[in-house]
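The values are calculated or read from the model by the stated rules, or taken from the named source; none is laboratory data. Being a predicted model, the structure only gives us computed values, none of them experimental. Positions of Cβ are backbone-derived with ideal geometry, glycine not excepted, and every protein chain shown enters the neighbour counts. The protein model used for the area step is the full one, side chains on, heavy atoms only, and it has no ligands, DNA or RNA in it. Shrake-Rupley method; radii C 1.70, N 1.55, O 1.52, S 1.80 Å.
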Amino acid sequence: MGKEIDHNKSVAQSTFDETLIDDHTVVLTFKNETNQVQSLAKDIDSDYIQFHFCVKGASSFVFNEGRYTLNILEENSLLLYNPQRDLPINLQIDPNSWMVSILVSIKKFHGFFSQEAGYITFLSDDNKDKKYYKDRIISPSMAIVLNQLLSYNLNQSVKSLYFKGKAYELLSLYFNRSEDADIEQCPFLVDETNVTKIRKAKEIIIARMAEPPSLQELADEIGLNLKKLKEGFKQIYGDSVFSFLFDYKMEVARKLLESGDNNVNEVGHRVGYSTSSHFIAAFKKKYGTTPKKYVMSLSS
């Protein structure tokens with residue numbers, strides 16, 4: 001599980017998007033959309049239980065000043081709790097990786113489960129003063145909530161309320177003991193193979209972004225009907241198929257422009273625009289400026 005840390009790796013300092021739910025609960029989110037490892041740090045005292053979810057990509061927790069790391073891979077979660085010592089977050093997030101963390105005080109957490117605390121092993125009297133570590137797979141139902149947190153686009157005034165509801169929903173799914181733990185909120189996603197098919201759809205449109213299939217062709221290719229594809233994609237990724245693809249293409253275009261290896265026409269062609277005027281209009285719609293002006297702003 002542990003590995004030697006690579007000190008030659010290029011690492012950039014960054015900060016979490018932090019949402020305070022109340023005095024005892026914090027949600028941290030981070031999307032590393034760069035091609036560089038991002039390092040994030042936060043002091044956490046020993047009163048807090050930490051839940052970390054790697055939604056996409058991979059990350060590493062660094063302990064003991066870099067002498068030990070603990071990897072957390074895509075679609076996996078990590079629960080950390082040590083009442084004997086503080087566990088500061090020192091997290092290195094790989095390129096194109098997404099993380100969500102929930103920090104809950106032990107006092108608040110006991111309150112959630114006061115009637116049933118016995119079945120949560122690390123809350124038992126025998127273990128309450130011992131450190132606890134658990135890694136496990138993120139279920140599809142949890143993945144939906146995690147993606148909703150990462151793709152939040154409502155008014156800022158309701159963000160704390162929305163995150164509170166989703167954080168509690170996520171914890172309830174995490175500790176759900178029933179045989180139906182992975183049954184989705186959305187009925188058509190009961191079959192986990194549907195979730196796999198929708199992930200495949202995302203991979204297809206990314207791989208063929210310059211000439212993507214139509215929605216019907218995509219649905220046929222993954223073996224889902226059109227309605228299930230559209231509803232499921234929105235549930236899991238928080239956006240329609242082509243809105244997701246548009247954002248992805250614009251991000252690729254922005255990075256290609258930054259590299260300086262391609263001119264505007266070449267970049268537009270690589271992300272699927274046959275004419276530079278269409279590409280320029282799309283880029284301006286996304287970023288509020290033209291590709292040429294964007295490149296000029298980098299050099300200045």
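Data table
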{"quantity": "Checklist (1) in contact with a helix residue (DSSP H, G or I) (Cβ under 9 Å, 6 or more places away or on another chain); (2) modelled with pLDDT of 65 or more; (3) exposed (fewer than 14 other Cβ atoms within 10 Å of the Cβ) applied to I144, failing item", "calculated": "(3)"}
{"quantity": "Filtered residue count, segment 12-56, keeping only those that are open to solvent by 20 Å² or more (accessible area, probe 1.4 Å), farther than 26 Å from K255 by Cβ and outside any strand (DSSP E or B)", "calculated": "6"}
{"quantity": "Every pair of residues 6+ apart whose Cβ atoms lie under 8 Å, when the first sits in segment 105-117 and is at pLDDT below 80 and aromatic (F, W, Y) while the second is open to solvent by less than 50 Å² (accessible area, probe 1.4 Å) and in a loop (DSSP other than H, G, I, E, B)", "calculated": "F113/I120; F113/F175"}
{"quantity": "Flag for S274 being assigned to a loop (DSSP other than H, G, I, E, B) and over 21 Å from S297 (Cα atoms)", "calculated": "yes"}
{"quantity": "Residue within segment 233-250 that is surrounded by 16 or more Cβ atoms within 10 Å (Cβ to Cβ), under 25 Å from the mean Cα position of the chain (by Cα) and free of Cβ contacts under 8 Å to residues at least 12 places away in the same chain present", "calculated": "yes"}
{"quantity": "Qualifying positions in segment 288-300 - open to solvent by 70 Å² or more (accessible area, probe 1.4 Å) and either at pLDDT 90 or above or assigned to a helix (DSSP H, G or I) (or both)", "calculated": "K292, K293, M296, L298, S299"}
{"quantity": "Pairs with Cβ under 8 Å, 6+ apart, first in segment 134-162 and over 17 Å from I72 (Cβ atoms), second of a type in the set (D, E, K, R) and in a helix (DSSP H, G or I)", "calculated": "P140/E192; V145/K166; V145/E169; Q148/K166; Y152/K159"}
{"quantity": "Pair list, Cβ under 6 Å, 6 or more apart: segment 88-104 residue at pLDDT below 90, other residue in a strand (DSSP E or B)", "calculated": "I89/K42; N90/A41; N90/V62"}
{"quantity": "Close pairs (8 angstrom Cβ cut-off, 6 or more residues apart or separate chains): under 18 Å from P95 (Cβ atoms) and of a type in the set (D, E, K, R) in segment 45-57, open to solvent by less than 10 Å² (accessible area, probe 1.4 Å) and at pLDDT 90 or above anywhere", "calculated": "K56/S97"}
{"quantity": "Identity of the residue in segment 82-111, charged (D, E, K, R) and not in a helix (DSSP H, G or I), that ends up nearest to S60 (Cα to Cα)", "calculated": "D94"}
{"quantity": "Residue count, segment 273-287 (criterion: open to solvent by less than 60 Å² (accessible area, probe 1.4 Å) and hydroxyl-bearing (S, T, Y))", "calculated": "3"}
{"quantity": "Residue under evaluation F283, criteria (1) touching a Pro at 6+ places or on another chain (Cβ under 7 Å); (2) closer than 30 Å to E75 by Cα, criterion not met", "calculated": "(2)"}
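Matching residues to (1) in a helix (DSSP H, G or I); (2) farther than 30 Å from T290 by Cα:
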{"position": "E211", "(1), (2)": "no, no"}
{"position": "L224", "(1), (2)": "no, yes"}
{"position": "K227", "(1), (2)": "yes, yes"}
{"position": "L257", "(1), (2)": "yes, no"}
{"position": "V267", "(1), (2)": "yes, no"}
